[in-house]
Amino acid sequence: MNTYNWYSQLIKPSWSPPSWLFGPVWTFLYVLIAVSFGKVFLMAWQKQIALIVVLPFILNLVFNFAFTPLQFGLKNNLLAAIDILLALGTLIWAMVAIFPHARWISYIQIPYLLWVSFATVLQLTITYLNR
């Protein structure tokens with residue numbers, strides 16, 4: 001409850017989505033992430049791709065999972081903003097790295113890329129408005 005109160009009191013832009021939207025969006029995205037990242041890890045295990053191709057996927061998961069503890073656990077907008085920029089960067093890197101090996105994996109990341117791009121702008125805006 002304390003976290004909800006803290007987040008609800010932050011200054012947010014008028015175009016900020018309602019909080020109920022995040023759950024369904026992330027549920028859909030996590031299904032895409034599980035299928036595509038799982039395939040990448042399987043390809044690496046079967047030695048079909050080099051570890052350097054897998055690295056951005058691993059880093060993306062780390063940054064993705066770090067966001068909630070940074071934003072809502074530590075209640076640190078700046079660290080969350082840095083983290084989401086790293087998540088966006090590693091996602092783009094992952095899409096480029098896997099494209100020559102399995103284009104469909106890059107294509108299936110497009111909804112994730114669109115959401116993380118939007119979320120990055122949102123987080124940077126919230127961070128700026130609450131400095």
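For the range 55-65, the criterion of being of a type outside the set (Asp, Glu) and out of contact with any helix residue (DSSP H, G or I) (no Cβ under 9 Å at 6 or more places or on another chain) is met by at least one residue.
Annotation: of all residues in the range 19-57 being over 18 Å from Trp115 (Cα atoms) and of a type in the set (S, T, N, Q), the one that is surrounded by the fewest Cβ atoms within 10 Å (Cβ to Cβ) is Gln46. Among the residues of the range 95-112, those identified as free of Cβ contacts under 8 Å to residues at least 40 places away in the same chain and buried (at least 16 other Cβ atoms within 10 Å of the Cβ) are Met95, Ser106.
Read-outs: derived from the displayed coordinates by stated rules, not from any lab. Here the structure is a predicted model, which means the values were calculated and not measured. Heads up, the Cβs are rebuilt from the backbone with ideal geometry, glycines too, and the neighbour counts pull from every protein chain shown.
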